[in-house]
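Visitor: My questions all concern the structure below.
The values are calculated or read from the model by the stated rules, or taken from the named source; none is laboratory data. These numbers come from a predicted model, not from an experiment. Ligands, DNA and RNA are excluded from the accessible area calculation, which covers all protein heavy atoms including side chains. Shrake-Rupley method; radii C 1.70, N 1.55, O 1.52, S 1.80 Å.
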Amino acid sequence: MADGGMSGQAIIAVSAAVVALTQLLKFANVINDRRGPLGVLVLAALGVGFWAWSTGDFTRASAFAYFAGWIAVATSAAGVFGFTRSGPEAVTATAQPPAGPPGAGSNKTT
């Protein structure tokens, strides 16, 4: 690319590949709903990184364009994976804070 970074066409191409790979890994039960959000972010980073490496144009001047491309790719894959379905499960699965001596945070609120 002459101006560096990712064009809209490149974002769509990388998104399609990452979405397809995400769906295949989900189908193979490699990525489940609980690990899905992190898996999608990692796969998007790998997809954008591989694309940047293949173009040979990763410079400081184009770094933000790749970051913006990663966000676009990650949100595309997240929507297909079903973040809205897997997100609440991750929030409700959090553990209670450990019990400790009285001090900061010892007043329990409901």
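Visitor: Taking θ = phi - 60°, what integer Hz values does the Karplus form 6.51 cos²θ - 1.76 cosθ + 1.60 yield along segment 18-27, in sequence order, with x for Gly and Pro?
Guide: Calculated HN-Hα couplings, in order: 5, 4, 5, 5, 4, 5, 5, 5, 5, 5 Hz.
Visitor: Leaving out ligands and nucleic acids, and using a 1.4 Å probe, what accessible area per residue does segment 1-72 come to in Å²?
Guide: Heavy-atom SASA per residue in segment 1-72 reads 63 Å².
Visitor: Carbon and sulfur atoms: what percent of the 1.4 Å accessible area of segment 1-84 do they account for?
Guide: Accessible surface attributable to carbon and sulfur in segment 1-84 totals 70 percent.
Visitor: Taking θ as phi - 60°, what are the ³J(HN,Hα) couplings along segment 32-41 by the Karplus curve (6.51, -1.76, 1.60), each to the nearest whole Hz, with x for Gly and Pro?
Guide: Values, residue by residue: 9, 4, 6, 8, x, x, 5, x, 5, 5 Hz.
Visitor: List every residue whose amide H lies under 5 Å from the amide H of residue 31, counting only residues 5 or more places away in sequence or on a different chain, with H placed 1.01 Å from N in the peptide plane.
Guide: 26
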